[in-house]
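To keep things clear, I will list the structure first and then write my remarks on it.
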Amino acid sequence: MTTELETELLTAVERRRNFAIISHPDAGKTTLTEKLLLYGGAIHEAGSVKARRAQRHATSDWMAMEQQRGISITSTVLQFEYQNYHINLLDTPGHQDFSEDTYRTLAAADNAVMLEDAAKGLEPQTRKLFEVCKLRSLPIFTFFNKLDRPSREPLDLLDEIEKELGLQTYPVNWPIGTGDRFKGVFDRRGRKIHLFERTKHGSRAAVDTVIELGDPRIEDLLEQDLYYQLKEELELLDELGTELDLDLVRAGKMTPVFFGSAMSNFGVELFLDAFLDYAMKPIARKSSAGDLPPTYEDFTGFVFKLQANMDPRHRDRVAFIRVCTGKFEKDMNVTHARSGKTVRLSRPQKLFAQDRESIEVAYPGDVIGLNNPGVFAIGDTIYTGQKLEYEGIPCFSPELFAFLRNPNPSKFKQFRKGVSELQEEGAVQIMYSVDESKREPILAAVGQLQFEVVQFRMQSEYNVETTIDMLPYSVARWVDGGWEALEKVGRLFNTVTVKDTWGRPVLLFRNEWNCRQVEGEHPVLKLNAIAPVVS
Ligand code: G4P
């Protein structure tokens, strides 16, 4: 028999779509986000998200602002309603605040939108983020942006995705010309042409002029050569015969592809409509108690991000929790799986841009922010009912390494405590040299900001002034089979071995090239850029 709660959960889950955008800086993530929010009616004038981004341009400004405002300039989830869907857009920090959080956010996402600049194609940050999506088999939707500028050949762009990411592609729409001659897209779903009209920065939802393929005006509107080129390309696509297979999309093996111009607000609505039809709603997640469907009636969730308050007068943190099952209600008591303690979830916040709104209820697929008096760490599960735990969030290959030193021996205890607490919380990864004489911790981070945050918090929370000595490495790899496997291959060149918090060997390289060289010389050695956490 279906209970009232089950019906409520079913309805909520049907409506929910949750996604993150993966892209390289400058591809247009801020612009696209803004346009999506415009359609959702969540903002009324384009420009507000951008203004916020510009405000937090420099790292030092970010720090100063965090201190001033108390907390949370960085938005974490943008929520909006569109055509009866309840959409959660998880913000993946980029640019200066690119950090392990960027990867971790993907652990809370059900879908990813891969945004590429159509003139550039795949870029390094997108590839790295893609690897994380692949690990979870997330459905990926590709949006090629900036078609109003000269772009690469669409077939060439698709080929790159197929060859380099191993993803099948299915173009849902197809561009007609690029740059000054960009005329619009052919929507293969509705089999109609959507004409591009240049508007000033697309501050409103664009007027979409739609014509049929057989419309007599078509040759004039498109210019003859572009019309014939389009016909040829469409025939070619039909000949290739790839069908859109939603099972493959939802298994992360095929990506529906869209073309447009976020800045001119062209193609964004077409994308959003198709995306909502194809995207995956919140589904069952793996836990120690088996796969739990979102309609499982007890509330469960996990922490994917912690944000520390930079103001020493307010030491609270915000823990961001992805709701996985059941219904979240304000002030409910839950069990914190790692400690076994009961925690009351008071003062929950839903974050939209800068406004922190208090929320009363949340459903699977939603994200809530909780004031965290130091209980939570990244990957922690909270639950009601039966004891269970979700899989932890893995460690991602750091790219910056530095010794963290404490020049003042009388602060030894505080230093050790700070390092261990910040590591446990997930602010940074800590590694150690295998050389026993070098006892200082090595900070290993994905972004520079993580170092600054660690130093800042060591000072403000533990009262220890620290110094940083950068190390000349940029790639870390965990070794399958651990120390035993490493011993078998004997001496390795152009790499140093360190150990992570769990004593596992990690190889550090100066660059990707050195890493590939070692892999080439020792094919038996299996190196991983991502490693599971040890519970
Ligand atoms: P990001 O968050 O991914 O880093 O990118 P963002 O949206 O900030 O966009 C980066 C630059 O690309 C911006 O230009 C933005 O206006 C531009 N852009 C975004 N989408 C499009 C598009 O569809 N077509 C064209 N031609 N440009 C686009 P900027 O010069 O850095 O800023 P602004 O002066 O335009 O504000």
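The values are calculated or read from the model by the stated rules, or taken from the named source; none is laboratory data. Please read these numbers as outputs of a predicted model, since none were measured by experiment. Because the Cβ atoms are built from the backbone with ideal geometry, glycine has one as well, and the counts that use them run over all protein chains shown. We work out accessible area using only protein heavy atoms, side chains counted, and drop any ligands, DNA or RNA first. Shrake-Rupley method; radii C 1.70, N 1.55, O 1.52, S 1.80 Å.
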Item to check | Residue within the stretch 430-437 that is of a type in the set (S, T, N, Q), within 22 Å of the chain's Cα centre (by Cα) and at pLDDT below 95 present | outcome: no
Next on the checklist: Looking at the structure I just gave you, is W483 among the aromatic types (F, W, Y) and assigned to a helix (DSSP H, G or I)?
Outcome noted: yes
Checklist outcome for this item: Of the conditions (1) within 16 Å of the ligand (Cβ to nearest atom); (2) open to solvent by 10 Å² or more (accessible area, probe 1.4 Å); (3) over 27 Å from S397 (Cβ atoms), the single one that E81 does not satisfy is (1)
Checklist outcome for this item: Expected single match for within 16 Å of the ligand (Cβ to nearest atom), modelled with pLDDT under 90 and closer than 26 Å to Q450 by Cβ among I73, I22 is I73
Next on the checklist: Can you report the number of residues in the stretch 126-140 which are away from the ligand (no atom under 16 Å from the Cβ) and buried (at least 18 other Cβ atoms within 10 Å of the Cβ)?
Outcome noted: 5
Item to check | Lone unmet requirement of (1) crowded, with 19+ Cβ neighbours inside 10 Å; (2) at pLDDT 95 or above; (3) among the aliphatic types (A, V, I, L, M) for A119 | outcome: (1)
Checklist outcome for this item: (1) in contact with a strand residue (DSSP E or B) (Cβ under 8 Å, 6 or more places away or on another chain); (2) open to solvent by 50 Å² or more (accessible area, probe 1.4 Å); (3) without any contact (Cβ under 8 Å) to a residue 40 or more places away in the chain; (4) not basic (K, R) all hold for Y228 apart from (1)
Item to check | Filter result for L351 (on the phi < 0 side of the Ramachandran plot and either at pLDDT 95 or above or out of contact with any Ser or Thr (no Cβ under 7 Å at 6 or more places or on another chain) (or both)) | outcome: no
Item to check | Residue that is most open to solvent (accessible area, probe 1.4 Å), among those in the stretch 1-36 that are under 18 Å from G365 (Cα atoms) and hydrophobic (A, V, I, L, M, F, W, C) | outcome: L10
Checklist entry - Within the set of pairs 6+ apart or on separate chains, which have a first residue in the stretch 323-335 that is under 24 Å from D110 (Cα atoms), a second that is basic (K, R), and C-beta atoms under 6 Å apart? => result C324/R285
Item to check | Members of the stretch 508-535 found to be surrounded by fewer than 13 Cβ atoms within 10 Å (Cβ to Cβ) and assigned to a helix (DSSP H, G or I), listed by number | outcome: E512, W513, G520, E521
Item to check | Count of residues meeting criterion [open to solvent by 50 Å² or more (accessible area, probe 1.4 Å), among the aliphatic types (A, V, I, L, M) and either modelled with pLDDT of 90 or more or touching a Cys at 6+ places or on another chain (Cβ under 8 Å) (or both)] in the stretch 160-212 | outcome: 0
Checklist entry - When the residues of the stretch 456-476 are filtered to those that are modelled with pLDDT of 95 or more and of a type in the set (A, V, I, L, M, F, W, C), which remaining residue is nearest to L404 (Cα to Cα)? => result I468
Next on the checklist: Six or more apart or on different chains, Cβ atoms under 9 Å: show the pairs whose first residue is in the stretch 147-159 and open to solvent by less than 30 Å² (accessible area, probe 1.4 Å) and whose second is within 10 Å of the ligand (Cβ to nearest atom) and basic (K, R).
Outcome noted: none
Checklist entry - Can you tell me which residue in the stretch 375-425 is farthest from the chain's Cα centre (by Cα), limited to those that are surrounded by fewer than 22 Cβ atoms within 10 Å (Cβ to Cβ) and hydroxyl-bearing (S, T, Y)? => result S410
Checklist entry - more than 26 Å from D291 (Cα to Cα), open to solvent by 10 Å² or more (accessible area, probe 1.4 Å), at pLDDT 90 or above and not in a strand (DSSP E or B): does that describe V453? => result no
Next on the checklist: Exactly one condition in (1) in contact with a helix residue (DSSP H, G or I) (Cβ under 8 Å, 6 or more places away or on another chain); (2) open to solvent by 40 Å² or more (accessible area, probe 1.4 Å) is false for Q429; which is it?
Outcome noted: (2)
Item to check | Qualifying positions in the stretch 219-277 - among the β-branched types (V, I, T) and in contact with a Ser or Thr (Cβ under 8 Å, 6 or more places away or on another chain) | outcome: T242, V249, T255, V257
Item to check | Considering residues of the stretch 101-125 that are more than 10 Å from the chain's Cα centre (by Cα) and part of a helix (DSSP H, G or I) only, the residue farthest from the ligand (Cβ to nearest atom) | outcome: P124
Checklist entry - Within the set of pairs 6+ apart or on separate chains, which have a first residue in the stretch 366-379 that is at negative phi, a second that is of a type in the set (A, V, I, L, M) and assigned to a loop (DSSP other than H, G, I, E, B), and C-beta atoms under 7 Å apart? => result I368/I359; L370/L345; I378/I393
Next on the checklist: Considering only residues that are more than 15 Å from the ligand (Cβ to nearest atom), over 22 Å from the mean Cα position of the chain (by Cα) and of a type in the set (D, E), which ones fall in the stretch 141-172?
Outcome noted: E153, D156, D159
Checklist entry - Which number in (1) open to solvent by 70 Å² or more (accessible area, probe 1.4 Å); (2) of a type outside the set (A, V, I, L, M, F, W, C); (3) on the phi > 0 side of the Ramachandran plot marks the one condition that S288 misses? => result (3)
Checklist outcome for this item: Residues of the stretch 411-436 being aliphatic (A, V, I, L, M) and in a helix (DSSP H, G or I), in sequence order, are V419, L422
